[in-house]
Amino acid sequence: MADDATVMWDEVADISRLLHELEDTEFDTPSLCDGWAVRDVLGHMVLGHTTPMVTMTGRIAKYGFNVTKASFNESKTLFAGKSADEIRHFWDDVMVADHPRRGISRLIPNRVNFLDHLVHNQDMRRPTGHSRQVPEHRLRRALELVRTEGTPMFSPKKNVAGLKLVATDIDWSGGDGPSIEGAGEALVLTAAGRKAALPDLSGEGVKTLSGRLA
C-alpha cells in the first residue's frame with residue numbers, strides 16, 4: 001500500500017492528464033462544487049499548495065477571517081483570465097514537477113489532502129464527461145478515509161455515520177447500520193457531500209444520507 005503522500009501526488013499527476021484531455025472551453029464548465037468552474041477548482045488546490053501562510057492570512061483578513069468566503073473568492077481569482085494552456089503549464093511545471101507544500105496544505109494531514117484531491121478530480125471529471133477508473137488501491141484508501149475523516153469544512157465522517165457502505169465494483173464494505181450500495185467512486189463522492197452521485201446509489205441508507213446532504 002502506497003503512503004498517503006504518494007497517492008496524493010499521484011492524484012495531482014492524474015489531474016494533469018485530465019487537463020490535457022479537456023477542450024479549452026471545458027475549463028469554464030461548472031464543476032460539482034456549487035458556483036465553481038473547473039478552473040476555480042484547480043485554483044483552489046493550487047492556492048492551498050503554493051500561497052505562503054503569511055500571505056494567506058492577510059488575504060483571509062480581507063474577508064473578516066471568513067475562511068469559506070476567502071477560499072471561494074481567492075480560488076476564483078487565481079486563474080481568472082488565464083488561458084487553458086497557461087493553466088496546463090502551471091499545473092505541470094509547479095504542481096506535478098515541484099510538489100509544492102508552501103501553503104495551508106502543509107498543515108493538513110496527507111490523508112486528508114489525498115481525499116480532497118481525489119474528490120476534486122472527480123468534481124471536474126463528472127461534469128465534463130472525462131471519466132476514469134480510479135486505481136483500486138486509491139479507491140480503497142478513499143473509502144476508508146470517508147468513514148474516519150472530518151473537518152469543519154469537509155465532513156464525510158459525519159455524513160456517513162451510522163451507515164454501512166458497500167462497494168459493488170470492488171470487494172469492500174465498511175460501517176454498520178442501514179446499507180448504501182454503489183460503485184466506490186460514487187460512495188466516496190456522496191460521502192464528501194456531492195449530491196450528483198446520489199442517483200448512482202441504492203439501499204435503505206440512501207434516504208438518510210440524502211437528508212443529511214440536503
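The values are calculated or read from the model by the stated rules, or taken from the named source; none is laboratory data. Predicted model only: the values in this text are computed from it and were never measured. Glycine gets a Cβ as well: all are built from the backbone with ideal geometry, and neighbour counts include every protein chain shown. The accessibility values were calculated without ligands, DNA or RNA, using every heavy atom of the protein model including side chains. Shrake-Rupley method; radii C 1.70, N 1.55, O 1.52, S 1.80 Å.
Would you be able to say whether some residue in segment 195-205 is outside any loop (DSSP other than H, G, I, E, B) and of a type in the set (S, T, N, Q)? Please lay out each step first, then the result.
We begin by selecting, within segment 195-205, every residue outside any loop (DSSP other than H, G, I, E, B); these are 195-200, 202.
Remaining after also requiring of a type in the set (S, T, N, Q): 202.
Yes - at least one qualifying residue is present in segment 195-205.
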Of the residues in segment 196-214 that are surrounded by fewer than 16 Cβ atoms within 10 Å (Cβ to Cβ) and small (Gly, Ala, Ser), the one that is farthest from GLY182 (Cα to Cα) is ALA214
Taking segment 4-49 and keeping residues within 21 Å of ILE104 (Cβ to Cβ), in a loop (DSSP other than H, G, I, E, B) and in contact with a His (Cβ under 9 Å, 6 or more places away or on another chain) leaves SER31, CYS33, TRP36
Taking first residues from segment 176-192 that are over 25 Å from GLU11 (Cβ atoms) and second residues anywhere that are modelled with pLDDT under 95 and in a helix (DSSP H, G or I), the pairs with Cβ under 6 Å that are 6 or more apart or on different chains are none
Checking the structure you have, find out if any residue of segment 57-67 is at negative phi and surrounded by 20 or more Cβ atoms within 10 Å (Cβ to Cβ). no
**Asked** Quick check: is even one residue across segment 6-20 buried (at least 19 other Cβ atoms within 10 Å of the Cβ), in contact (Cβ under 8 Å) with a residue 24 or more places away in the chain and over 16 Å from the mean Cα position of the chain (by Cα)?
**Response** no
Of the residues in segment 161-175, those that are farther than 18 Å from LEU115 by Cβ and free of Cβ contacts under 8 Å to residues at least 12 places away in the same chain come to ASP171, SER173
Exactly one of ASP24, ASP85 is in contact with a helix residue (DSSP H, G or I) (Cβ under 6 Å, 6 or more places away or on another chain) and in contact (Cβ under 8 Å) with a residue 12 or more places away in the chain, and that one is ASP24
Flagged in segment 128-153 as open to solvent by less than 50 Å² (accessible area, probe 1.4 Å) and touching a Phe, Trp or Tyr at 6+ places or on another chain (Cβ under 7 Å), in numbering order, are LEU143
Inset, instruction - Say whether the condition of being under 18 Å from SER131 (Cβ atoms) and surrounded by fewer than 19 Cβ atoms within 10 Å (Cβ to Cβ) is met by at least one residue in segment 27-35. - result: yes
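Are any residues in segment 73-82 in a helix (DSSP H, G or I) and not charged (D, E, K, R), and if so, which ones? First the steps, then the outcome.
Of the residues in segment 73-82, the ones in a helix (DSSP H, G or I) are 73-78.
ASN73, SER75, THR77, LEU78, listed by residue number.
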